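Readers should treat all values here as calculations from the given coordinates under stated rules, not as data from a laboratory. This is a predicted model, so every value here is computed, not measured. Glycine also receives a Cβ, built like all others from the backbone with ideal geometry; neighbour counts cover every protein chain displayed.
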Amino acid sequence: MTGSPVIVLGIAGSVISLGMVISANIFYTKIGTYHPVNSLHDENKPNTEPGYLKILKLSIYNFIIAISVTGLIFIYTAFPIGGESLFGLTQGKALIMASIVMNFSIRVCSLSELTSNTIFDRSISFGYSFILSIYFLSFFAASVYLLENNFSVDRLVINSIPSGELSVILLLVIFGPIVSSVASELILAITGVDDDRKDEFSREDMSIL
């Protein structure tokens, strides 16, 4: 292997990685999107955005994370590194579900009046680190494969997925984020939202959606 592909991979990886670090910082705060709505215990809070619109946005953010984990699983399955695949269907489904549960927990705990003052910073930092970990693990797998195979894709292994298993995965990826978003809104409506912390998610420099 000549040095040129390695240099190209290094330069491309550096540029993309810098963009991912910045984008993840902006994106992950969106998991806490809180456009004030009337809570069940405080009817005086202003209603500035329809609930269905917020649920839609939250579902999109959760879907992006779920599909990112699915992509990580695909890369470690299709790009064999040193032998057998690290993930099977069972492990893949568990990881997708765990990512949805993780973001649900971080959103609720970061914004709820019951917990946000104690774990806000740490929980958001963990979520941000998780997003970056997905990217860098994927980048690691793809880079190792390409370097080991002189940038050839002949060894790519894309196994067929039984229809039943595929249905479960699609349900997790598509409906999991929706259920998670609705559940988090219901819980926050009951527990109340920390007014100081919700402002962390509504700064002008973070307003992509």
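Points to keep in mind about this one:
- Residues with amide H under 5 Å from that of V193, placed H, sequence gap 5 or more: E113
- Estimated FRET transfer efficiency when R0 is 30 angstrom, pair S4-V153 (beta carbons, to 0.05): 0.95
- Here the label points at S14 and V101, each 7 Å from Cα along the C-beta direction, are separated by 4.1 nm in the simple model.
- Linear extension gain, F136 paired with I60, 0.36 nm per residue minus alpha-carbon span: 25.2 nm
- Label-point gap, in nm, between F74 and D121 - each point 7 angstrom along Cα→Cβ: 3.8 nm
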